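**Student:** The structure under discussion is supplied below as structure tokens; questions concerning it will follow.
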Amino acid sequence: MDSSGATQLFFSAVHPERSSEFRATAPPKQVIKDGRREITMCCTNCGKFSTAEEEVKLKRCDVVSISIANSLIWLRISTSAQSHCIALGIAKGIIVIRPNHKIHCSPELGAGIQPLIKSVTGNPMLEFYIQVCLAIRFHLHDLRKLTAAERETCIRAPLLVHIDVGIEPTKIAQYMNLYTYPDEYDEDEMEGMLQLHDLVSPWPGIRERLRTLSDINIEVWKRARMSADEDGDQDRAVVLVEFVNDFKQSVTCAIVVGEEAIETVRRAEPFTMQSAITGKETKKPLSIASCFEYINTHIRSDHKNRLLLRAPMRNVDKELIRNLGRKVDSYATRALKVKMDREHVYIRHSAEFVAEHAMLRQRTIGEEHQIEGPPMNRNERRRLEREKKKEQKRKHK
């Protein structure tokens, strides 16, 4: 059958043990909420702090209103020359760095990724796997091969990575429809979830720093480094992780890479994944790619929003997927393409469906001329059986 003009219908399959596996590995919702509430705010203009002990209302931008999570300081950039606040980060905090934020501000963006990133950094399991990715990226598991002086120099150097994220439909069939039919398919209400696309760094390794950090990044890192030292993590690397959503929103979080994450990289135990369609098990070596796929699969399994990582799909979120389907070349679409090529959930298992009436029409050609032979469909068979019974009754009368 010629399928050149056929319409593709997308269906998804869910592994029967997905829910039980999710419940066994996900932290309690209250743990995530507690992590989101660990906030310290400060205005660098007036020096006032907003903490749990002393509530201070910091003035906010008249267009953008963004709070900061996990021991971090407040960022505000105002249009008024008399009132200008800059964010400075502490420890595992979040900061929105937008010196030209007015360019990207629009009502359709809403809160965007900011509350979702708070839930990621407040989730001990998800943050742990991000630490594993950072350890792999900067070869932190190999630093013991260096001298003590070299190791200290590397660990106490400012590091930066860039993670592209997006909000994608929770139903993979909806994603594939947006991707395959970018100009035809849409739904008004579509539930979305945070997904990690790609991780890049301006440096190939911890000892090859080729790009100078901005003044804001340096200040954030210094305060994060100071906080880590106070917590006894002098021998742990502090990495600035910049979460970027299609360059429309950017959130930076300072993360301390712990010893457990480094030991996990040294053990390098693979992930085991099983297809819900074929049942085939696949072992994937420990890598940034496999960690991202595990994180994204874990988030996808959370159909009750226990991780607080679900949000309504916005038009800008849909357009990113559509643009990839249209083959629009941009940094964001390339990062999303990396994710699609990497993850098993996007693999298509083709199954050709033929309309029933077409099958009947093809099979029953010339049937009206047949005296004997089996009927070609159930209705026709029943009709013939009824006529046969009537004929038998007439013969017995």
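Every read-out reported here was derived from the displayed coordinates using simple, explicitly stated rules and does not represent laboratory data. Worth saying up front: this structure is predicted, and the values here are computed from it rather than measured. Virtual Cβ from ideal backbone geometry, glycine too; neighbours counted across all protein chains shown.
**Student:** Which of rounded, prolate or oblate describes region 221-310 when judged by the alpha-carbon gyration tensor and an a/c cut-off of 1.5? Display every interim value, and only then the final one.
**Tutor:** Working: a/c = 2.57, a/b = 1.50, b/c = 1.71.
Note, shape of region 221-310 comes out oblate.
**Student:** Counting other Cβ atoms within 10 Å, which chymotrypsin sites (Phe, Trp or Tyr not before Pro) in region 237-321 have at most 11 and lie in a DSSP loop?
**Tutor:** Answer in residue order: 247.
**Student:** Separate question: Considering the Cα positions of region 130-263, please state its Rg to one decimal place and its Dmax as a whole number of Å.
**Tutor:** Spelled out, the Cα radius of gyration and Dmax of region 130-263 are 18.5, 61 Å.
**Student:** Is there a pair in 145/339; 171/248; 145/284; 171/337 whose C-alpha atoms are over 29 Å apart, and which pairs would that be?
**Tutor:** Listed pairs above 29 Å: 145/339.
**Student:** Could you sort 323-330, 187-194, 168-175, 235-242 so that the peptide with the highest average Cβ count within 10 Å comes first and the rest follow in order?
**Tutor:** Peptide ranking by packing, descending: 235-242, 168-175, 187-194, 323-330.
**Student:** Hey, can you rank 332-345, 144-157 by average C-beta count inside 10 Å, highest first?
**Tutor:** Per-residue mean Cβ counts within 10 Å order the peptides as 332-345, 144-157.
**Student:** Hey, another quick one. Which of the three applies to region 287-339, rounded, prolate or oblate, going by the alpha-carbon gyration tensor with a ≥ b ≥ c and a/c under 1.5 meaning rounded?
**Tutor:** Because a/c hits 1.5 or more and a/b fails to exceed b/c, region 287-339 counts as oblate.
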